[in-house]
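Data block below; observations after.
The values are calculated or read from the model by the stated rules, or taken from the named source; none is laboratory data. Remember, it's a predicted structure, so these values are computed and weren't measured experimentally. Every residue, glycine among them, receives a Cβ derived from its backbone with ideal geometry; neighbour counts consider all protein chains shown.
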Amino acid sequence: MADYLPHTLEETQQMLSFLGMDSLDQLFAHVPASVRLAQGLDLAPGMSEPDVAAVFAAYSAANTGQLSQLTCYAGAGAYDHEVPAVVKMLASRSEFVTAYTPYQPEVAQGILQAIFEFQTMISRLSGLPVANASLYDGATALVEAVNMAAGATQRHKMLISAGVHPHWRAVVKTFARGTGHEIIEVPLKDGVTDWASADPSDAAAIVAAYPNYLGVLEDMSAVKALSISSGGLFVMCADPLAAGVLKTAGDWGADVFVGEGQPLGTALSFGGPYLGLFACTHEQIRRLPGRIVGETLDSNERRAFVTTLRAREQDIRREKATSNVCTNQTLMAVTAAIQLGWLGTQGFAEVATRSARAAHYLQNELVQIPGVSPVSTQPFFREFALRLPRSASGVLEDLVGEGILGGLSVESLAGVSDPSIDGDTVDVVLIAVTEKRTRAELDRYVEILRKVLS
């Protein structure tokens, strides 16, 4: 438990005056009333720190929010994959945990080599020749890809599939308010992007997801064709695990690959830190955001590592740069490299295969329940959307009571109306399955959902 020095009343009033506000209630008005504390904490005056800590420990124990207490089927970008003990142990070594930004290569060879290995693995995983040292998360990686496309084409029109995660689309729209990019969302039909309805002329980027956020695997050939006809960059938002068994972004002819690296050894967390993956063709290397670690020889002809092509970066190019990112998620990137190195090519493919097989088994069993139907009939990877006979959020709440985190309500992700869904989303649930789920757990999910819906 951390110790904090409270602000004085004078300091608080000074802050409110600067913001043009009258009260703290006004400052926190944007926070929903349902999650705000309506009254005090009912703590006795003068309680000692250990006593306060004990009270809060009791509050925490009353929650059923611990993932270890639930069988997890939630996904939508953050997945409950196994993180081997060796990955946790190596990634938590002080040499990695304390290494933040290796600007002095002569004293940071170890961390630079680890990042170099990470870049090599992401390049292979994406099927593209150049990868950076990571970005903050998948959503901001997509923003950087859109900005790269604008810089490469000198255009501002972006076609983005509604199959891209709704939160990622929201982040892109937020950034576009400042950059002036025109964001055009292309709707889905039966879970697949309706590219025929889109006008690709003068597009800087054609952005698609593989698989899309509903789990559906789309044919990326149409996206590549649109990219060629428009002269814009083909940006693929891909699940890195899919590359274990499916075509890579490079195989599909993408110019840019972006992804969320959380499935690569990073445990689930409330908002991160996660890991943005980014790779591209050689043609775009001068616009590649963030840091790149390169391999060279030192004055004694020994193998050495440095941050390279620094002239790309915002701190040098200033207003001419297409990105203002000059750092990376070093610890998460090293963790991903350890996870990928530990699994190897065969182990990585096995994780993807087991996840996909378990997902298809579960989906086939769940749609046998009366009132449950698939949102799309298209092929999927390890995640799928189902329509339930009643509100998805209510069903999920009932499942938590049975020890099952049964998925995510699409309404909570995308709102009631979203171009990725035919009809409203109130009764749609998104279910993800990983290699951790056993046959007994899958069968219990089916049994409990049948009981909840009966």
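The set of residues in the stretch 161-208 that are under 17 Å from the mean Cα position of the chain (by Cα) and in a strand (DSSP E or B) comprises S161, V207, A208.
Counting only residues that are within 25 Å of F384 (Cα to Cα) and more than 20 Å from the chain's Cα centre (by Cα), how many does the stretch 65-97 have? Selection size over the stretch 65-97: 6. Please work out if S94 is within 19 Å of Q262 (Cα to Cα), loosely packed, with under 10 Cβ neighbours inside 10 Å and out of contact with any helix residue (DSSP H, G or I) (no Cβ under 8 Å at 6 or more places or on another chain). The answer is no for S94.
Using the structure shown, decide if K173 is crowded, with 17+ Cβ neighbours inside 10 Å and either under 20 Å from Y210 (Cα atoms) or in the same structural domain as P273 (by TED's automatic domain parsing) (or both). Outline the logic, then answer.
Values: crowded, with 17+ Cβ neighbours inside 10 Å: no; either under 20 Å from Y210 (Cα atoms) or in the same structural domain as P273 (by TED's automatic domain parsing) (or both): yes.
So K173 does not fit the description; no.
Q346 satisfies every condition listed in (1) at pLDDT 95 or above; (2) touching a helix residue (DSSP H, G or I) at 6+ places or on another chain (Cβ under 8 Å); (3) in a helix (DSSP H, G or I) except (2). Considering the stretch 225-245, the residues that are out of contact with any strand residue (DSSP E or B) (no Cβ under 8 Å at 6 or more places or on another chain) and closer than 25 Å to A349 by Cβ include one that is surrounded by the fewest Cβ atoms within 10 Å (Cβ to Cβ), namely V245.
Taken over the stretch 345-379, the residue count meeting the criterion of being touching a residue at least 40 places away in the same chain (Cβ under 8 Å) and over 25 Å from D427 (Cα atoms) is 7. For the stretch 187-210, a tally of residues being crowded, with 24+ Cβ neighbours inside 10 Å and not hydroxyl-bearing (S, T, Y) returns 9. Take the conditions (1) free of Cβ contacts under 8 Å to residues at least 24 places away in the same chain; (2) more than 30 Å from L399 (Cβ to Cβ); (3) not aliphatic (A, V, I, L, M); E49 misses just one of them, which is (1).
Pairs meeting the criteria (first residue in the stretch 158-173 and closer than 9 Å to P419 by Cβ and free of Cβ contacts under 8 Å to residues at least 12 places away in the same chain, second residue of a type in the set (D, E) and surrounded by 22 or more Cβ atoms within 10 Å (Cβ to Cβ), beta carbons under 8 Å, at least 6 apart or on different chains) are lacking.
For the stretch 220-331, the strands (runs of 3 or more DSSP E) that sit wholly inside it and include 1 or more residues that are in the same structural domain as A91 (by TED's automatic domain parsing), touching a Lys or Arg at 6+ places or on another chain (Cβ under 9 Å) and within 21 Å of P102 (Cα to Cα) are 293-297, 303-307. Selection of the stretch 401-454 for residues being part of a helix (DSSP H, G or I) and closer than 30 Å to A208 by Cα yields V410, E411, S412, L413, A414. Condition (residue is crowded, with 17+ Cβ neighbours inside 10 Å, of a type outside the set (K, R) and part of a helix (DSSP H, G or I)) applied to the stretch 375-392: is it met by at least one residue? So far as the stretch 375-392 goes, yes, one or more of its residues are crowded, with 17+ Cβ neighbours inside 10 Å, of a type outside the set (K, R) and part of a helix (DSSP H, G or I). Checked against the criterion of being surrounded by fewer than 18 Cβ atoms within 10 Å (Cβ to Cβ), closer than 20 Å to H165 by Cβ and in contact (Cβ under 8 Å) with a residue 60 or more places away in the chain, the stretch 424-441 has no qualifying residue.
So which of L214, L277, L309, L264 ends up being aliphatic (A, V, I, L, M) and farther than 26 Å from H181 by Cβ?
Values: L214 fails: farther than 26 Å from H181 by Cβ; L277 fails: farther than 26 Å from H181 by Cβ; L309 fails: farther than 26 Å from H181 by Cβ.
One residue alone meets the criteria, L264.
Taking the stretch 1-27 as the search range and keeping residues that are surrounded by fewer than 10 Cβ atoms within 10 Å (Cβ to Cβ) and part of a loop (DSSP other than H, G, I, E, B), which one is modelled with the highest pLDDT? Filtering first and then ranking leaves G20.
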